[in-house]
Amino acid sequence: VLDAATADATDPLAHLRDRFVLPDDVTYLDGNSLGPLVSGVADAVHRAVHDEWGTGLIRSWNDAGWVDLPARVAARLAPLLGADPADVAVTDSTSANLFKVLGALTAGADTTARPVLLSEQGNFPTDLYVAAGVADLRGLALETVPRDALADRLAAGDVAVLTVTEVDYRSGHRHDVAALAEAAHAAGTRIVVDLAHSTGALAVDLPAWDVDAAVGCTYKYCNGGPGSPGYLWVHPRHDVRTPLQGWFGHEAPFDFSPEYAPAPAAARFLDGTPPVLSMTALEAALRLFEGVDTTSLDAKARALTERFVALVDERCDGLGVEVVSPRDPAARGAQVALRHDDAFAVMSALIARGVIGDHRPPDLLRFGFAPAVVRHADVEHAVDVLVDVLTSRAWDDPAHRRRPTVT
Ligand SMILES: *Cc1c(COP(=O)(O)O)cnc(C)c1O
């Protein structure tokens, strides 16, 4: 392994770091929860508020191109998915988008032959809640099995749709989505993948993976800002209807026709008026990735997590932490989870020292290595601070046990 300074000096993505607005005293390892501010975003939002809204008023729907924002942002996001922009819709939350694609892919399902909607235990809670709601609506039964049992469960041949998240939000475990899609299709099952912890950090190629649909969010590795809209992708072989037919998904919304007619391709999955300010921020943020190949993001994420795991192994022996993410880098996303009995307090102590990761109950410290943001030197610094917090037991203090609402 190269030393951190050499690794940073030879990093082909090093220039991206300069495009972020980050406080000097912060080592940010939580881009997997909320990506940091990209330069140019604040100006774009300021212009949209003052000039486009304040002065342009209603005229800005046309004059400032507000009405085309969903299509423009889809075109910027599509390369990160390996996708054709026409098959991408940027809209709503990940939860709402998962509802729409699961609803679309289960419409008309033969609930006698294929009564099961399958997911994995430990999937992100909102994905399971949404899947349970769709199952109720369609007369299916939601079933969850451990990750390793998915292939066997598919082989029974009674699963209508499988929904999984590529990278597990806790452990960082990464599915081989192409292999899972092959197993699903061999069993006559459709597959939907959630890319919340993938897009903007890892190599994604939806057409090559041959999944049926995908969803994800843009406020994590895509740096779209708090609550920025999610997205969905539907394979062009599917001419499906969305269960949420809204006017922005109509082929001609401003004809005000009383009859619904779907817009072409993924645009039919738009529904209500787009959130212009959020979309404006996202559009500006995505400029960061212009000309960036997702395989280079993937390679850097891998190098960063490898460095972190190696340093934790080397320096944290006997300090009460254990690496719980897969040790095989190919089976791991851009994050690493460590187990510690007092994980919440340890993370609180790290944050007090400027190393920002997060905690997931009951006992995980989670560190995200967004490849556009994090430097090899940051990894080294984070481990220095972790070693200090663990050896000094600085975390063992009532101040580090108070839990805020959002963790
Ligand atoms: C972050 C995340 C979400 C977020 O869903 P929203 O509806 O956008 O709040 C969904 N699924 C997974 C797997 C996530 O990691």
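The values are calculated or read from the model by the stated rules, or taken from the named source; none is laboratory data. Here the structure is a predicted model, which means the values were calculated and not measured. Cβ sites come from the backbone with ideal geometry, for glycine too, and all protein chains shown count toward neighbours.
Counting only residues that are in a helix (DSSP H, G or I) and without any contact (Cβ under 8 Å) to a residue 24 or more places away in the chain, region 24-42 holds 1 of them. Taking the criterion of being of a type in the set (Gly, Ala, Ser) and within 16 Å of the ligand (Cβ to nearest atom), the residues of region 179-220 that qualify are Ala196, Ser198, Gly200, Ala201, Ala213, Ala214, Gly216. When region 339-359 is filtered for residues that are at negative phi and touching a Ser or Thr at 6+ places or on another chain (Cβ under 8 Å), the ones remaining, listed by number, are Phe344, Val355, Ile356, Asp358, His359. Among the residues of region 112-153, the one identified as under 21 Å from Leu244 (Cβ atoms), more than 13 Å from the ligand (Cβ to nearest atom) and β-branched (Val, Ile, Thr) is Val134.
With respect to the conditions (1) under 27 Å from Asp152 (Cβ atoms); (2) away from the ligand (no atom under 12 Å from the Cβ); (3) surrounded by 23 or more Cβ atoms within 10 Å (Cβ to Cβ), Asn223 lacks only one, and its number is (1). In the set Asp51, Asp3, Asp8, Asp43, only one residue is loosely packed, with under 11 Cβ neighbours inside 10 Å and of a type outside the set (A, V, I, L, M); that residue is Asp43. For region 48-55, indicate whether the set of residues that are modelled with pLDDT of 95 or more, out of contact with any Gly (no Cβ under 9 Å at 6 or more places or on another chain), more than 20 Å from Leu311 (Cβ to Cβ) and of a type in the set (Val, Ile, Thr) is non-empty. Among the residues of region 48-55, at least one is modelled with pLDDT of 95 or more, out of contact with any Gly (no Cβ under 9 Å at 6 or more places or on another chain), more than 20 Å from Leu311 (Cβ to Cβ) and of a type in the set (Val, Ile, Thr), which makes the answer yes. Any residue in region 248-257 that is of a type in the set (Gly, Ala, Ser), touching a Ser or Thr at 6+ places or on another chain (Cβ under 9 Å), surrounded by fewer than 23 Cβ atoms within 10 Å (Cβ to Cβ) and within 20 Å of Phe99 (Cα to Cα)? The answer is no; no qualifying residue exists.
Cβ-Cβ distances below 7 Å connect the following pairs, each with a first residue in region 319-339 that is more than 23 Å from Lys220 (Cα to Cα), a second residue that is among the polar types (S, T, N, Q), and a separation of six or more residues or different chains: Leu319/Thr391.
Is it the case, given these coordinates, that Gly157 is within 14 Å of the ligand (Cβ to nearest atom), outside any helix (DSSP H, G or I) and either farther than 30 Å from Gly291 by Cα or touching a residue at least 40 places away in the same chain (Cβ under 8 Å) (or both)? Judged against the criteria, Gly157 is not a match. Among the residues of region 129-150, write down those that are under 21 Å from Asp92 (Cβ atoms), buried (at least 18 other Cβ atoms within 10 Å of the Cβ) and not basic (Lys, Arg). The answer is Val130, Ala131, Val134, Ala135. Scanning region 318-327 for any residue that is modelled with pLDDT of 95 or more and in a strand (DSSP E or B) turns up at least one such residue. Scanning region 111-154 for residues that are of a type in the set (A, V, I, L, M) and part of a helix (DSSP H, G or I) turns up Leu128, Val130, Ala131, Ala132, Val134, Ala135, Leu137, Ala149, Leu150, Ala151, Leu154.
Look at region 279-299: where a residue is in a helix (DSSP H, G or I), no partner that is crowded, with 23+ Cβ neighbours inside 10 Å and acidic (Asp, Glu) sits 6+ places away or on another chain with Cβ atoms under 6 Å.
Inspect region 200-211 for any residue being more than 25 Å from Ser296 (Cα to Cα), surrounded by fewer than 15 Cβ atoms within 10 Å (Cβ to Cβ) and in contact with a Gly (Cβ under 9 Å, 6 or more places away or on another chain) and give the result as yes or no. Checked region 200-211: no residue is more than 25 Å from Ser296 (Cα to Cα), surrounded by fewer than 15 Cβ atoms within 10 Å (Cβ to Cβ) and in contact with a Gly (Cβ under 9 Å, 6 or more places away or on another chain). Residue check: Glu52 meets all listed conditions (1) touching a strand residue (DSSP E or B) at 6+ places or on another chain (Cβ under 6 Å); (2) among the acidic types (Asp, Glu); (3) more than 16 Å from the ligand (Cβ to nearest atom) but one, namely (1).
Note on region 226-244: residues that are aliphatic (A, V, I, L, M), within 16 Å of the ligand (Cβ to nearest atom) and under 18 Å from the mean Cα position of the chain (by Cα) total 1. Scan Ala141, Ala135 and give me the residue that is aliphatic (A, V, I, L, M) and more than 26 Å from Trp233 (Cβ to Cβ). Step by step, each of Ala141, Ala135 is checked, and only Ala141 is aliphatic (A, V, I, L, M) and more than 26 Å from Trp233 (Cβ to Cβ).
The residue that is nearest to Leu282 (Cα to Cα), counting only those in region 81-103 that are away from the ligand (no atom under 16 Å from the Cβ) and out of contact with any strand residue (DSSP E or B) (no Cβ under 7 Å at 6 or more places or on another chain), is Pro85.
Going by the structure shown, is Asp313 in a helix (DSSP H, G or I), of a type in the set (Asp, Glu) and farther than 21 Å from Asp30 by Cβ? For Asp313, the condition - in a helix (DSSP H, G or I), of a type in the set (Asp, Glu) and farther than 21 Å from Asp30 by Cβ - is met.
Of all residues in region 73-127, none satisfies the criterion of being at pLDDT below 95 and either touching a Pro at 6+ places or on another chain (Cβ under 7 Å) or buried (at least 24 other Cβ atoms within 10 Å of the Cβ) (or both).
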